[in-house]
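These notes are about the structure you will find just below.
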Amino acid sequence: AMAPPASPTAAATPRTRARDISDSLRPIKPNRFGFEQARHLLWRAGFGGTPEQIQTLASWGPEKAVDHLLNYESVPYEPVSLDAFDRNIIRPPTAQERLMAAQARRASDEETLARLRARRQEMERDDRQQMRRIQHWWLKRMIETPRPLEEKMTLFWHGHFATSYRTIENSYHMFKQNAMFRRHACGNFGDLLFQIIRDPAMLAYLDNNDSRRGRPNENLARELMELFSLGVGNYTEKDIKEGARALTGYTFEDDEFVFQERNHDDGVKTILGKSGRLDGDDFVRAILEHKRCAPFIVSKLYRALVMDYPTGDEQRDRVAKSVVRDLAATLLSSRYNLKPVLRRLLLSEHFYDPAVVGGQIKSPVELVVGAVRSLNTPVRDLSVLNDALALMGQNLFFPPSVAGWAGGRSWINTSTMFVRQNTLCFLLTGRKPSGYDALASEQRYDPTPLLAELARADPAAMSDPERIVGYILRFALAVDVPEGSGLRQELLSYVRSLGGRIDADVITAVLLLLTAAPEYQLC
C-alpha cells in the first residue's frame, strides 16, 4: 500500500526549536555520544549506515568513530586508476587528419568533409556513452565504499568547483577531475586551488584555454574569487582583469595541463594588493593570503555538513557565525589543511546539538546512496537510479551552472517528491512507475537483518509491533517521532491491521510508508 507524498512544503522544512543552540566546539563527552549521535555522524560525514554500523560507532565513542571516518587512508579500498576509462575517445586530430581536412576545404571536397564530420559525430556519441558509464561508476563507488567521507567530500568539491560535461563534452576530463577531487578530498585546500587552475575540465569549462596575452578571458579569474575562494564583495573588477592576465597561457593539450609561455602576459600586475610579474600561482597565493578566504571555505563546509547559513534567524546565525569564525582560525593555523577543521567540527558539541540533528534536507545523492547503504536494499539498476537523480535535480557531472547546485529547499517540489517516493519504492520492491524491474523477483529485498540488533538485545521485542515500529523509527529517521504522533500511529495501525504479524513483507511495507513521509527527507 502506497500513501501519497505529503506536501512538499512540509517535507522541505527542517524542524526548528525555540531552545538555544550550543556554539561550543569542545569535544562531545563520550557519555553523550550514543546511537542517535553516531547515526548523525554517519549521515553527515557519509551516506548513513545500518543499525549495526551505527551501534559499532556508538560503542567506539566519538574520538575513535570520527578518526575512523576521517583517516580513511588506513581503510583498504581499491584506488582509482586513471586508466579505468578510455582517454582517447575525444582527442586532438592527428597531423594527417588536419592536413586531410585542410586539403578537403581548399578543394571543396564535400565527400571527405562529410566523412570527417561523421567520424567526429561518432566520437561524440561514444563519449556520451562513456560519460554515462562514469556516472554509474561513481554512483556505485559511493554506494560500496568503506571510506564514505572520501566520497562525500569528493561530491562536495564537485559541487564547489562545479564543472559540467554538457559544456566541455569530454568524459575523460570529467573523470580525471573527479579523481583529482578524491585525491584532495580531505587534504589541503591550497593544493586543490593550485590544481584547479591546471585542470583541463575547468580550463575548458571557463574558457581559459582560449585566454592569451592581449586577449585575456576573465571567466576563470572571476569565478576563482567569487565562487571558489572569497565570495562577492571581497575583490574588485580590477582584480578580475589583472587575475585574468596572470592566468593567460594556462591551458592544456589533449589530457594534460600546459603552460604556454608565449601566450602568457608577464607584465607587472596588482592582484588583491600584491604586485609584480604575477602568474597563476601568484594569483592563488594572493587569494590564500586574503583574510576572507578561510572564512569563505569554512562557511561552505559548514553549510554542507552542519546546516544552512545564514538562515535569517538571529540566534542561529549568531551561533553559526561564531563557529565558522573559530573553525576558520583552525584552517589558517593548519595552513589550509582540512583534517584539523573537520575533526574539530565532527567532534564538537555544536555538531551534535539537537537543533542541528535532522536539520538538513537530503540531496538526491544522499537520498539514493543513503537508502541503499542504511536500509541495505539491492542496488537493482544503476541506470534507473542515475536517471532518478537527474529527475530529482542532481545529475552527476551535470551541475546546472558554475555555482553548482543550490541545495536545501531547492531539492523539494511537487515533482521531485513523487520521484523521491518512486525511487525508494523501486529500491525496496523493484517496482517502477511502469511495471517491475526484470530481476525484482530474484533480487528480493530482505529487511529482517535491520532488526538483528533489536533481536539480540531483546528477543521478546520481535513479537511486539510497538517495539518494532519504535525501533525502525529511531533507526530510519533523524528526527524524533514522539509517542502518539501521527506517523507513529499510522505505522502501528497498518501493522495491527495485518493482525500484528511481523515478517519481511510487513517490515518492507512499513519502510514504504516511512520513506514516503516528509520526515524521511531530512538528515
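The values are calculated or read from the model by the stated rules, or taken from the named source; none is laboratory data. Model, not experiment: these values are computed from the prediction. Methodologically, a virtual Cβ is constructed for each residue, glycine included, from the backbone with ideal geometry; neighbour enumeration extends over all protein chains shown. Each accessible area value is taken on the protein alone, full model and side chains, heavy atoms only, with ligands, DNA and RNA left out. Shrake-Rupley method; radii C 1.70, N 1.55, O 1.52, S 1.80 Å.
Residue-wise test of (1) in a helix (DSSP H, G or I); (2) of a type in the set (A, V, I, L, M); (3) open to solvent by 10 Å² or more (accessible area, probe 1.4 Å).
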{"position": "E223", "(1), (2), (3)": "yes, no, yes"}
{"position": "L230", "(1), (2), (3)": "no, yes, no"}
{"position": "Y235", "(1), (2), (3)": "no, no, yes"}
{"position": "D239", "(1), (2), (3)": "yes, no, yes"}
{"position": "R245", "(1), (2), (3)": "yes, no, yes"}
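Looking only at the stretch 247-270, which residues are among the aliphatic types (A, V, I, L, M) and outside any loop (DSSP other than H, G, I, E, B)?
Here is the first cut: in the stretch 247-270, the ones among the aliphatic types (A, V, I, L, M) are 247, 258, 268.
Across the stretch 247-270, the qualifying residue is only V258.
Which of the residues spanning the stretch 486-501 are open to solvent by 50 Å² or more (accessible area, probe 1.4 Å) and among the aliphatic types (A, V, I, L, M)?
Passing the criteria: only L498.
Within the stretch 62-74, how many residues turn out to be open to solvent by less than 20 Å² (accessible area, probe 1.4 Å) and more than 20 Å from the chain's Cα centre (by Cα)?
Let us first name the residues in the stretch 62-74 that are open to solvent by less than 20 Å² (accessible area, probe 1.4 Å), namely 62, 65-66, 69-70, 72.
Next, from what is left, pick out any that are more than 20 Å from the chain's Cα centre (by Cα): 62, 65.
Number satisfying all stated conditions: 2.
Select from the stretch 201-211 the residues that are open to solvent by less than 10 Å² (accessible area, probe 1.4 Å) and either assigned to a helix (DSSP H, G or I) or of a type in the set (F, W, Y) (or both) and list them in ascending order.
Residues satisfying the conditions are A201, M202, L203, N208.
Checking the conditions here, which among S363, S374 is closer than 30 Å to P30 by Cβ, in contact (Cβ under 8 Å) with a residue 12 or more places away in the chain, crowded, with 16+ Cβ neighbours inside 10 Å and of a type in the set (S, T, Y)?
Numbers: S363 fails: closer than 30 Å to P30 by Cβ.
Sole residue among the options that is closer than 30 Å to P30 by Cβ, in contact (Cβ under 8 Å) with a residue 12 or more places away in the chain, crowded, with 16+ Cβ neighbours inside 10 Å and of a type in the set (S, T, Y): S374.
Name the residue, out of P62, P51, that is farther than 21 Å from S348 by Cβ and at pLDDT 95 or above. Spell out the reasoning first.
Working: P62 fails: farther than 21 Å from S348 by Cβ.
Of P62, P51, the one residue that is farther than 21 Å from S348 by Cβ and at pLDDT 95 or above is P51.
Name the residues in the stretch 386-409 that are in a loop (DSSP other than H, G, I, E, B) and either hydroxyl-bearing (S, T, Y) or open to solvent by 50 Å² or more (accessible area, probe 1.4 Å) (or both), would you? Break it down into steps so the answer makes sense when it comes.
First, the residues of the stretch 386-409 that are in a loop (DSSP other than H, G, I, E, B): 392-407.
P400, S401, A403, A406, listed by residue number.
What single numbered condition from (1) of a type in the set (D, E, K, R); (2) open to solvent by 60 Å² or more (accessible area, probe 1.4 Å); (3) part of a helix (DSSP H, G or I); (4) free of Cβ contacts under 8 Å to residues at least 60 places away in the same chain fails to hold for E483?
(3)
Looking only at residues in the stretch 304-316 that are in a helix (DSSP H, G or I) and more than 17 Å from L25 (Cβ to Cβ), which one is most open to solvent (accessible area, probe 1.4 Å)?
Ranking the candidates gives E314 first.
Residues are listed down the side, and each one gets a yes or a no for (1) at pLDDT 95 or above; (2) over 22 Å from the mean Cα position of the chain (by Cα); (3) under 26 Å from R91 (Cβ atoms); (4) surrounded by 21 or more Cβ atoms within 10 Å (Cβ to Cβ):
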position: R117; (1), (2), (3), (4): no, yes, yes, no
position: H136; (1), (2), (3), (4): yes, no, yes, no
position: K140; (1), (2), (3), (4): yes, no, no, no
position: P148; (1), (2), (3), (4): yes, no, no, yes
position: T163; (1), (2), (3), (4): yes, no, yes, yes
position: Q177; (1), (2), (3), (4): yes, no, yes, yes
position: A185; (1), (2), (3), (4): yes, no, no, no
position: L193; (1), (2), (3), (4): yes, no, no, yes
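Counting just the residues of the stretch 412-438 that are free of Cβ contacts under 8 Å to residues at least 60 places away in the same chain and open to solvent by 70 Å² or more (accessible area, probe 1.4 Å), which one comes out nearest to K362 (Cα to Cα)?
Residue satisfying both the conditions and the ranking: S415.
Among (1) part of a helix (DSSP H, G or I); (2) under 30 Å from R373 (Cβ atoms); (3) touching a residue at least 40 places away in the same chain (Cβ under 8 Å); (4) open to solvent by less than 10 Å² (accessible area, probe 1.4 Å), where does G159 come up short?
The one condition G159 does not meet is (4).
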